[in-house]
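This report refers to the structure that appears directly beneath it.
The values are calculated or read from the model by the stated rules, or taken from the named source; none is laboratory data. Because the structure is predicted, anything quoted here is derived from the model rather than measured. For neighbour counting, all protein chains shown are included, and Cβ atoms are generated from backbone atoms with ideal geometry for every residue, glycine included.
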Amino acid sequence: MTLLRYKDIAKMSRKDKDEKFKELKFSLYKGNVTANKASAKTKEIKRALARILTFNTANKGVLKAKK
């Protein structure tokens, strides 16, 4: 699993972010089924999901402020 950085998320289109979010959510679900313990991979997936959600929330505020 590669690290998903904030600047990489900023370069993605909205569609790419949605697809990546769904992919990460599925891999998190699949990982939790196989092992109940939190591994480094599980933690990184959760962080990547949080980064995407934070980026989307932060940009909604910027878009509202511009209007």
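Data for the structure
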{"quantity": "Check on LYS22, at pLDDT 90 or above and surrounded by 13 or more Cβ atoms within 10 Å (Cβ to Cβ)", "calculated": "no"}
{"quantity": "Unique match (being at pLDDT 90 or above and out of contact with any strand residue (DSSP E or B) (no Cβ under 7 Å at 6 or more places or on another chain)) among LEU63, LEU28, LEU49, LEU4", "calculated": "LEU49"}
